[in-house]
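Asks: Sharing a structure, written as structure tokens. Questions coming.
The values are calculated or read from the model by the stated rules, or taken from the named source; none is laboratory data. Quick caveat, the model's predicted, so the values are computed rather than measured. Here Cβ is always computed from backbone atoms with ideal geometry, including for glycine, and neighbour counts include all displayed protein chains.
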Amino acid sequence: MAGADMPPGDIRCKKFAKILAAKADHYPYSDRYMGSVHDSPDKTGRTEREHMTGWFCGNETKGSGAYARQTSNHSSKRCYNSLMNAASLLWIAEAMDIGEPTVHRAFEAAAAAGDYRRACGAIRTIITWDMIYEQIPEHHRLTC
């Protein structure tokens, strides 16, 4: 069950950011993707953990500069599905304990996809938000 202010299958961005903040800085596939395929020049933070924690927290604000938006976003599902950084998507999957064979398939699909938009789409075809959400401990899903 989702928190009182979120639909089933979703969690507030700030709550998901707190979950991600407790994860490791580095994982094999996301590090490999950044080192051998593509590393975003726009990322914030020294590590993917810092980058993704900031990304999810920042979505609950109206942002600034190139990331300014008219309304804040509280939906981690929407945030995950709009993320355009393949290494970050892989890092989230690894941090949330998606199985290694699945992450490997997603890595290979992203590396073969070409540009970053197709790479992100290839990952999300293999690792959906629902798969990420299933890995969130129940006690985090029940509170806002």
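Asks: Quick check on my filter: what residues within segment 101-143 are in contact (Cβ under 8 Å) with a residue 24 or more places away in the chain, under 18 Å from residue 77 (Cβ atoms) and among the polar types (S, T, N, Q)?
Replies: 135, 143
Let's see how each residue does on (1) closer than 19 Å to residue 16 by Cβ; (2) surrounded by 19 or more Cβ atoms within 10 Å (Cβ to Cβ); (3) touching a Gly at 6+ places or on another chain (Cβ under 7 Å):
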| site | (1), (2), (3) |
| --- | --- |
| 81 | yes, no, no |
| 85 | yes, yes, no |
| 91 | yes, yes, no |
| 95 | yes, yes, no |
| 98 | yes, yes, no |
| 111 | no, no, no |
| 114 | no, no, no |
| 126 | no, yes, no |
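Asks: So, in segment 41-71, how many residues would count as being closer than 22 Å to residue 132 by Cα and at pLDDT below 75?
Replies: 1
Asks: Counting only residues that are over 16 Å from the mean Cα position of the chain (by Cα) and among the basic types (Lys, Arg), how many does segment 119-144 have?
Replies: Total meeting the criteria: 1.
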